[in-house]
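Read the structure below first, then the notes.
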Amino acid sequence: MTDIPATYFDGRTSRPHAVTLRWHALDGVLEVAGEEVALRLARRDVTVESRLGRGPRFIRFADGGRCEVADNDTLDAVIATWAPQHGGNWLHRLETSWRLVAVAVVVLGAAMWAAIHHGLPWGAKKVAFMLPAEFTRVLGDQTLEALDRAMLAPTTLTHERQIKLRADFAAFLQAAGDTTPYQIEFRALKGQGANAFALPSGTIVISDELVLLAEDDREIVAVLAHECAHVRHRHVLRAVLQNSAVVVAFALVTGDASSTAAFGGAVPTWLLQSKFSREFEREADADAVEKLRAAGLDPAHLATMLGRLSSAHGDDKLALPEYARSHPPTQERINAIKGAR
Amino acid sequence: MFTIIGVDGKEYGPVTADQIRQWITENRLTPAMQARREGETEWRRIADFAEFAPPAPPVGADGMPPLDPAATVAPGAALPAAPAEPQPVVFTGEWTEYFKIWIVNVLLTIVTLGIYAAWAKVRKRRYFCANTRVLGHTFEYLADPVKILYGNLIVGAIFLALALSQMMPLLYLCLLLLFSIAAPWFIVRALAFNARNTAWRGLRFNFTGKYGGSAMVFLLWPLMVPFTMGLLMPVVAQKQKDFVVKHHTFGRTAFGFRGTVEAFFKVYGVTLLFFLPVIAAYFGFIAFMIKLAIETQKGGGGARPPSTDSLALFGIAMLFVVVPATFIGIQYFRARMFNLLWNNSSLAGTRFLASMRFRDLLLVEFTNKLVVALTLGFLFPWAAIRTAKLRADSLKIVPFGNPDDFIAAEQSAVGAVGDSANDFFDFDIGFGA
């Protein structure tokens with residue numbers, strides 16, 4: 001029988017009572033004794049809170065009363081014999097072991113690295129390919145509608161020119177053995193210059209400025225081959241999935257959704273998203289090279305076009321470091337394309 | 001003549017004002033208890049009736065009565081030896097200790113694929129409650145992790161639906177509309193869940209707000225803000241805090257709130273000054289875009305179109321104005337709102353003294369964010385402990401009457417879905433700003 005000093009509250013008023021807890025191991029009775037308190041509680045009417053840090057612990061009774069106990073060690077020793085079914089303090093042992101903390105830091109660091117490099121891209125890919133075709137079609141159509149209103153204007157290319165380019169593209173697809181139903185849309189890009197982009201539905205938008213920039217129509221086909229790769233690999237969907245997963249994961253780990261959007265989380269989130277985007281560009285380049293070669297076209301056309309786009313945009317004059325870019329440096333991409341033998 | 005509700009929850013009366021005064025002196029009633037004047041329908045605190053109000057104390061320079069409660073006690077009243085001095089809120093959490101609890105939480109959450117997050121939340125809140133001491137006693141956190149798990153699952157499904165439907169604007173709008181209508185419900189449920197699962201000296205808090213009131217202040221009033229160019233914002237904020245604070249109870253005793261619209265206007269007005277650079281930057285950005293559009297129109301095919309990276313660079317330059325100004329503005333707002341909220345809240349005569357300084361909060365939060373970012377989130381527990389310590393250090397309690405005399409109220413259980421929603425979508429509803 002061990003006595004433990006405690007503070008008793010009856011759960012009906014906010015009045016504290018200084019009491020002594022007497023634990024009778026034999027008949028399983030807890031006696032709460034104080035100036036105005038005399039209680040005898042059976043084992044089944046007593047719940048002991050698990051230990052947490054140095055903080056005081058509450059012992060709750062079935063009638064709503066409770067005792068606050070500061071002496072955690074003595075309480076643990078008593079509980080071990082008085083009510084062994086309460087189980088050990090395994091969680092508390094985990095939470096107080098520096099050795100475990102060291103292991104946890106290493107494991108978490110490795111898990112974070114693995115999740116970012118492998119787990120997340122893998123999962124996003126699986127999900128992106130599970131989404132039904134109808135979903136990607138609606139998604140692509142609505143995106144194009146929104147873009148048409150905001151930043152796209154009707155094309156100024158002649159009808160003949162469009163037909164010629166479509167025919168070149170169709171010939172390339174046939175030669176490369178690609179049966180995906182792509183759809184080419186010509187548009188003038190307000191203030192955006194030469195560009196081409198793919199929508200999840202298989203629609204590829206190509207700007208008039210890009211068509212004018214090319215000096216050989218095979219260069220345009222090469223750019224289209226790159227965009228086809230984005231479509232087939234579902235890069236847009238995967239980017240959306242990965243990016244939202246990063247935001248959620250950050251909020252979960254820090255337990256703070258607001259700072260993710262505001263200050264601390266914005267920069268790392270943005271850097272990660274740029275990294276994913278660069279990886280997609282590399283994958284699309286490599287895929288385009290393969291398809292161009294299969295169709296009997298020289299992949300160097302893609303490299304030439306990338307060079308033209310880069311000097312038209314003046315990209316590489318800005319000393320933006322690689323980790324902040326959405327695309328890999330053009331020279332690196334050109335080298336990779338030329339080096340792919 | 002009055003009807004009163006006694007300590008046992010039963011109605012007594014009608015009785016005369018003199019009888020009530022007598023009972024107060026005999027300590028059978030406290031000014032916090034409820035009474036109703038004959039012929040009226042509204043129950044009010046006894047202290048809120050002019051007849052039983054403490055003799056009007058001289059008003060201090062700051063518009064608040066002086067702090068000495070002895071001046072408000074009737075002569076000869078059998079009032080207990082309540083501490084007359086403002087009492088500190090003591091926070092005893094230590095970051096090395098909390099770090100270990102946090103990392104086990106994170107690890108187990110990952111290992112269990114998120115299921116443990118509910119238990120992790122309980123341990124986290126329990127730690128902060130157990131390490132916050134008021135008038136010698138700590139707080140209890142009593143939430144059932146299983147309920148939080150259900151809440152997390154439901155809210156996770158809602159979040160997933162919203163995120164995926166973002167790609168389909170029409171569906172997204174419909175879901176968003178539905179969610180907006182449900183948000184006031186989530187808010188009252190979150191407040192109720194947290195209040196009912198927090199206790200001090202064996203008595204639970206409660207939140208008694210209903211959907212109707214919540215929808216008024218969190219849905220309808222905010223809808224009108226855009227039509228007034230934001231001028232209505234302080235008014236709406238005052239209504240929201242008024243709703244949140246006044247529907248909180250400790251045991252049977254309701255909290256009071258007397259923050260005025262003027263006070264809210266003052267905080268919002270000064271905060272606006274901090275956001276002037278942000279507004280200027282946005283106008284600069286719009287001017288930049290217009291200039292771009294004009295140049296491309298004029299230049300025809302010959303003009304060199306700007307690259308996407310030069311736009312990005314412009315964006316980065318803006319970050320150096322917008323992000324710091326926003327961050328500083330937010331800290332000013334938080335410090336002032338913390339003070340405004342607590343200084344105008346009361347619990348049956350018990351008052352709070354908040355004195356958070358803007359520069360203290362700015363320093364703490366800036367170093368917090370910096371260290372958390374530099375350590376890839378690993379020192380988040382350090383930051384959380386520092387913020388909690390600053391809040392506790394900035395708050396004092398001026399007890400009135402005997403703090404032993406609060407009485408429990410009947411309560412029912414409430415689900416955790418609102419609380420999970422609050423964690424996930426971060427509604428701005430906190431009691432303590």
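The values are calculated or read from the model by the stated rules, or taken from the named source; none is laboratory data. Fair warning: this is a prediction, and the values are worked out from it, not measured in the lab. As a convention, Cβ positions derive from the backbone with ideal geometry for all residues, glycine included, and neighbour counts pool all protein chains shown. Protein only, heavy atoms only, side chains kept; ligands, DNA and RNA dropped before computing areas. Shrake-Rupley method; radii C 1.70, N 1.55, O 1.52, S 1.80 Å.
Numbers for the structure displayed
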read-out	value
Residue satisfying condition, being on the phi < 0 side of the Ramachandran plot and modelled with pLDDT under 90, within set B:E97, B:E85	B:E85
Residue in region B:195-214 that is closer than 25 Å to B:A263 by Cβ, open to solvent by less than 60 Å² (accessible area, probe 1.4 Å) and free of Cβ contacts under 8 Å to residues at least 12 places away in the same chain present	no
Residue list for region A:1-29, filter: β-branched (V, I, T), open to solvent by 30 Å² or more (accessible area, probe 1.4 Å) and within 14 Å of chain B (Cβ to nearest Cβ)	A:T7, A:T13
Failed item in (1) farther than 19 Å from A:F280 by Cα; (2) without any contact (Cβ under 8 Å) to a residue 60 or more places away in the chain, with A:W122 passing the rest	(1)
Count of region B:367-407 residues which are within 9 Å of chain A (Cβ to nearest Cβ), within 17 Å of B:H137 (Cα to Cα) and either hydrophobic (A, V, I, L, M, F, W, C) or outside any helix (DSSP H, G or I) (or both)	3
Selected residue (only one of B:L142, B:L203 is at the interface with chain A (Cβ under 9 Å from one of its Cβ atoms) and touching a Gly at 6+ places or on another chain (Cβ under 6 Å))	B:L203
A:I184 surrounded by fewer than 20 Cβ atoms within 10 Å (Cβ to Cβ) and touching a Phe, Trp or Tyr at 6+ places or on another chain (Cβ under 8 Å)	yes
Some residue of region A:217-236 being within 12 Å of chain B (Cβ to nearest Cβ) and either surrounded by fewer than 21 Cβ atoms within 10 Å (Cβ to Cβ) or modelled with pLDDT of 80 or more (or both)	yes
Scope region A:86-111; condition open to solvent by less than 30 Å² (accessible area, probe 1.4 Å) and β-branched (V, I, T); matching residues	A:V101
Hits in region A:112-137 (condition: within 13 Å of chain B (Cβ to nearest Cβ), open to solvent by 40 Å² or more (accessible area, probe 1.4 Å) and touching a Leu at 6+ places or on another chain (Cβ under 9 Å))	A:M112, A:I116, A:V127
Qualifying residue in region A:37-48 (condition: closer than 30 Å to B:I103 by Cβ and either assigned to a strand (DSSP E or B) or in the same structural domain as A:H92 (by TED's automatic domain parsing) (or both))	yes
Yes/no for B:A392 being under 27 Å from B:N197 (Cβ atoms) and touching a strand residue (DSSP E or B) at 6+ places or on another chain (Cβ under 6 Å)	yes
Enumeration of residues in region A:74-91 that are within 19 Å of B:R123 (Cβ to Cβ), part of a helix (DSSP H, G or I) and at pLDDT below 85	A:H86, A:W90
Members of region B:342-366 that are away from chain A (no Cβ under 12 Å) and either in a helix (DSSP H, G or I) or surrounded by fewer than 19 Cβ atoms within 10 Å (Cβ to Cβ) (or both)	B:W342, B:N343, B:L353, B:S355, B:R357, B:F358, B:R359, B:D360, B:L361, B:L362, B:L363, B:V364
Boolean, A:A251 is at pLDDT below 90, within 30 Å of B:V323 (Cα to Cα) and either open to solvent by less than 40 Å² (accessible area, probe 1.4 Å) or out of contact with any Leu (no Cβ under 6 Å at 6 or more places or on another chain) (or both)	yes
Some residue of region B:150-157 being more than 8 Å from chain A (Cβ to nearest Cβ), under 24 Å from A:R54 (Cβ atoms) and open to solvent by 30 Å² or more (accessible area, probe 1.4 Å)	no
Elements of type strands (runs of 3 or more DSSP E) contained in region A:127-236, each with 2 or more residues being touching a Gly at 6+ places or on another chain (Cβ under 8 Å)	A:203-207
Flag if A:A33 is at pLDDT 90 or above and either surrounded by fewer than 17 Cβ atoms within 10 Å (Cβ to Cβ) or in contact with a Leu (Cβ under 6 Å, 6 or more places away or on another chain) (or both)	yes
Any hit, region A:51-73, residues being part of a helix (DSSP H, G or I) and not assigned by TED's automatic domain parsing to the domain that holds A:A245	yes
Among the residues listed as A:L152, A:L147, A:L75, the single one being under 30 Å from A:V205 (Cβ atoms) and either within 8 Å of chain B (Cβ to nearest Cβ) or open to solvent by less than 20 Å² (accessible area, probe 1.4 Å) (or both)	A:L152
Residue in region A:264-275 that is out of contact with any helix residue (DSSP H, G or I) (no Cβ under 6 Å at 6 or more places or on another chain) and either modelled with pLDDT of 85 or more or away from chain B (no Cβ under 14 Å) (or both) present	yes
